[in-house]
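Q: Would you mind keeping the following structure in view while I ask a few things?
The values are calculated or read from the model by the stated rules, or taken from the named source; none is laboratory data. Source: prediction; values computed, not measured. Backbone-built Cβ (ideal geometry, glycine too); neighbour counts: all protein chains shown.
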Amino acid sequence: MRSVLFVVLATGTAGLLPAADGPFKAPPVWKPLFSGVELTDLIGDTPRLMKGHAVRIDLKAAGIGFLATPGNGDRPGETDGLKTSTFLKRHKLQLAINAAPFGPIHKDEEKEQDVVGVQVSGGKLVSPAQPGYPALLLAKDNRARIAAPPFDLEGIENAVGGFHIVLKGGEVLTGDKSIHPRTAAGVSADGKTLVLLVIDGRQKDFSDGATTAEVGEWLKALGCAEGINLDGGGTTTLVVAGADGAPKLINRPIHANKSGTERVSASHLGVFAKPLPQK
């Protein structure tokens, strides 16, 4: 990977250490979205073209909260599938990403699906842990950690599973070498900052995608010490709420080989946040 010297200033975001080296074509420029939430657009051009977006969240900021996709009660399956934008709008969230792997894939929303790996929503278990599937765990006080099973879910308010741990103790882990769109999450060493990352892919001359090691490198360059690769491929989606609350698609997903098309997902992670202070 190309190594570019830059410094990330953690203005307004507690717990994020400056990154010395990174895989990006230019240093990230963080733009405030909501109170305690910032967004940056990212480009890498070595070893291939990769475009992505990252959100960093100050877990100690007032008003920050989370919601994983809740269960669907007595209906078949564990959740009813929604597009990420629908999930954001329905629960009046400020930001949302796709999260855990799932099956089956449906064209239409509101059809039952099963989550692969652990999922907890509002303190309620939606999907049990499965061997080999790690998770992002968020406690009631917003403490965040990434762990492998078996999990201690005492005090965990929300949790979403993923395919691989890609960053552990600040060290990038080699994993899946295939190139795909990716969704990931990272946590700073002190557990006070959460980074959500999407990297687009499967779109020639726009963004080819990333390996899981490259996901780990991007998370490390963004100041994380721990990182997890969530569900990706055609499901990779990042949505934020506009000024009117309507969902705004930030990345360029590619469901069914159609660029800009969202996939219905069984699992999402949403963020509640307060508006930016008025100047």
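Q: Filter the stretch 232-246 for residues that are more than 20 Å from SER178 (Cβ to Cβ) and buried (at least 21 other Cβ atoms within 10 Å of the Cβ); which is nearest to the chain's Cα centre (by Cα)?
A: LEU238
Q: Under 7 Å by Cβ, and 6 or more places apart or on different chains, what pairs join a residue from the stretch 127-149 that is over 17 Å from VAL271 (Cβ atoms) with one that is polar (S, T, N, Q) and surrounded by 15 or more Cβ atoms within 10 Å (Cβ to Cβ)?
A: Sorted first by the residue in the stretch 127-149, then by its partner, the pairs are SER127/GLN119.
Q: Then there is this: Quickly run through the stretch 153-184 and pick out the residues that are among the aliphatic types (A, V, I, L, M), touching a residue at least 40 places away in the same chain (Cβ under 8 Å) and surrounded by fewer than 24 Cβ atoms within 10 Å (Cβ to Cβ).
A: If the condition is that a residue be among the aliphatic types (A, V, I, L, M), touching a residue at least 40 places away in the same chain (Cβ under 8 Å) and surrounded by fewer than 24 Cβ atoms within 10 Å (Cβ to Cβ), then ILE165, VAL172, LEU173, ILE179 are the ones that fit.
Q: With a cut-off of at least 2 residues that are in contact (Cβ under 8 Å) with a residue 40 or more places away in the chain and out of contact with any helix residue (DSSP H, G or I) (no Cβ under 6 Å at 6 or more places or on another chain), name the strands (runs of 3 or more DSSP E) lying wholly within the stretch 200-279.
A: Ranges flagged: 226-229, 238-241, 268-272.
Q: Within the stretch 185-194, is there a residue that is among the hydrophobic types (A, V, I, L, M, F, W, C), in a loop (DSSP other than H, G, I, E, B) and touching a residue at least 60 places away in the same chain (Cβ under 8 Å)?
A: yes
Q: Is it fair to say LYS220 is of a type outside the set (Gly, Ala, Ser) and under 24 Å from HIS106 (Cβ atoms)?
A: Spelling it out, it is not the case that LYS220 is of a type outside the set (Gly, Ala, Ser) and under 24 Å from HIS106 (Cβ atoms).
Q: Is there any pair linking a residue in the stretch 53-81 that is over 15 Å from GLY122 (Cα atoms) to one that is polar (S, T, N, Q) and at pLDDT below 95, with Cβ under 8 Å and at least six apart or on different chains, and which?
A: Matching pairs, first to second residue: ARG56/THR13; ILE57/THR13; ASP58/THR13.
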